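One structure is given here, and the rest of the page talks about it.
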Amino acid sequence: MDCIRKMLSLLKKFRKEEEDVENLFLQNGSALLEELISFSGGTYDIPIRSYSAQELVKATNNFAGRVHASTYGYICRGTLQGRSILVKMFINFPGNPASHSDFDILAGAVRDIAVTSLMSGNRNVIKIIGCCLEFTYPALVYEDARFEILANFLDPNCDKLLSWKSRLKIAKSIASAILYLHTAFPTPIIYRILNPHNIILDHHCVPKLFDFSFVISLPPGELQVEDDLIWIPGYFDPEYQSSRANEGDPEHIVNYVNDHIQKDDQFKQIVDPKILKESSVNHRQLQAFINIALRCVQAKGENRPDMLDIARKILQFE
């Protein structure tokens, strides 16, 4: 009798888990469809492969091979149907001051899947091959780019050389990807969190943008939109940064560059020393690039060029 009770209890638990998975699939699938329609204007026609939770658990050995982490999740490597993949999981870490609400994480995960799939034709965006809607927060499945995070190359302690030519190539490629976001959809999509931690270099050193969790569309006919602040120290809008500056705060990098740009030893003060060691570096080109960068961080938004203008100028560099 006890054995029968245990079997019935296990059966009820199994059925409950099946119902939970089915509910998650329906809820997350509905949210994903809404985002796809919203960002594409209803013209979306690229299918997204849906994987089961069991498939991803098995493919990643229960998410053991983690290769990248952030405040709201991680990316791990695995093998699925003989193919090397990357799986991006979203998690709300308890007690983490940078963590977001359940709703924010869910909305970000769904948004990430939607926009990454819409950008799948761009060679400078990591390629999504599917997703899983059976977790609390949907997971993304990428093709394995065998990547390195760009920020790692820019670390002063990194002994890997990222030449000026390579950096220029990265700037051109990412500018093109951002310009695509601004121009290829019914309304411009603003990336919002562009920084070296969201750019990878694949094994061919091709730069690829990832993490579209925080993108936002401009309302039709509008040039700006208000939303909650995304807390990424070092990458604030200069206008916002200046409004909250306090005495004793570290010097802002823009102020530092402006103070040194006209000095005789300006390059030694503001350019990565690794670049200056290259014999083929064109100092006039460096100067022109610095001037473009400074235009992008003018104190007032109306004094900054738009993305189309910036992309055109960067693409002119040889």
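Condition check ((1) open to solvent by 60 Å² or more (accessible area, probe 1.4 Å); (2) out of contact with any helix residue (DSSP H, G or I) (no Cβ under 9 Å at 6 or more places or on another chain); (3) at pLDDT 80 or above; (4) among the aromatic types (Phe, Trp, Tyr)) across all residues:
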position: Gly234; (1), (2), (3), (4): yes, no, no, no
position: His252; (1), (2), (3), (4): no, no, no, no
position: Asn258; (1), (2), (3), (4): yes, no, no, no
position: Gln266; (1), (2), (3), (4): no, no, no, no
position: Ser280; (1), (2), (3), (4): yes, no, yes, no
position: Arg284; (1), (2), (3), (4): yes, yes, yes, no
position: Ile290; (1), (2), (3), (4): no, no, yes, no
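Considering segment 197-221 alone, what residues qualify as being assigned to a helix (DSSP H, G or I) and open to solvent by less than 30 Å² (accessible area, probe 1.4 Å)?
Selection gives Asn198 alone.
Name the single residue that is surrounded by the fewest Cβ atoms within 10 Å (Cβ to Cβ) among those in segment 39-54 being polar (S, T, N, Q) and part of a loop (DSSP other than H, G, I, E, B).
Thr43
I need every pair where a residue in segment 289-318 that is over 16 Å from Ile178 (Cβ atoms) has its Cβ under 8 Å from the Cβ of a residue that is of a type in the set (Ser, Thr, Tyr) and open to solvent by 30 Å² or more (accessible area, probe 1.4 Å), sequence separation at least 6 or different chains.
Between residues of segment 289-318 that are over 16 Å from Ile178 (Cβ atoms) and residues that are of a type in the set (Ser, Thr, Tyr) and open to solvent by 30 Å² or more (accessible area, probe 1.4 Å), the close pairs are Ala299/Ser242.
How many residues are under 24 Å from Gln241 (Cα atoms), among the acidic types (Asp, Glu) and not in a helix (DSSP H, G or I) when one looks only at segment 251-271?
Number satisfying all stated conditions: 1.
Which number in (1) open to solvent by 60 Å² or more (accessible area, probe 1.4 Å); (2) in a helix (DSSP H, G or I); (3) farther than 22 Å from Ser173 by Cβ marks the one condition that Leu308 misses?
Going through (1) open to solvent by 60 Å² or more (accessible area, probe 1.4 Å); (2) in a helix (DSSP H, G or I); (3) farther than 22 Å from Ser173 by Cβ one by one, Leu308 breaks only (3).
Scan segment 268-318 for residues that are within 23 Å of Ala184 (Cα to Cα) and polar (S, T, N, Q) and report the count.
Matching residues across segment 268-318 total 1.
Quick one: in segment 155-205, of everything that is small (Gly, Ala, Ser) and closer than 26 Å to Ala288 by Cβ, which residue is farthest from the chain's Cα centre (by Cα)?
The residue in question is Ser163.
Answer yes or no: is there a residue in segment 55-72 that is over 15 Å from Arg111 (Cα atoms), of a type in the set (Lys, Arg) and assigned to a loop (DSSP other than H, G, I, E, B).
no
Taking segment 163-180 as the region of interest, how many residues are open to solvent by less than 20 Å² (accessible area, probe 1.4 Å), without any contact (Cβ under 8 Å) to a residue 60 or more places away in the chain and farther than 22 Å from Gly108 by Cα?
Selection size over segment 163-180: 2.
Which of the numbered conditions does Thr183 fail, given that it passes all the others? Conditions: (1) open to solvent by 60 Å² or more (accessible area, probe 1.4 Å); (2) of a type in the set (S, T, N, Q); (3) in contact (Cβ under 8 Å) with a residue 40 or more places away in the chain; (4) more than 22 Å from Arg312 (Cβ to Cβ).
(4)
The values are calculated or read from the model by the stated rules, or taken from the named source; none is laboratory data. Because the structure is predicted, anything quoted here is derived from the model rather than measured. All Cβ positions, even for glycine, are placed from backbone atoms using ideal geometry, and neighbour counts span all protein chains on display. Calculation scope for accessible area: heavy atoms of the full protein, side chains included, ligands and nucleic acids excluded. Shrake-Rupley method; radii C 1.70, N 1.55, O 1.52, S 1.80 Å.
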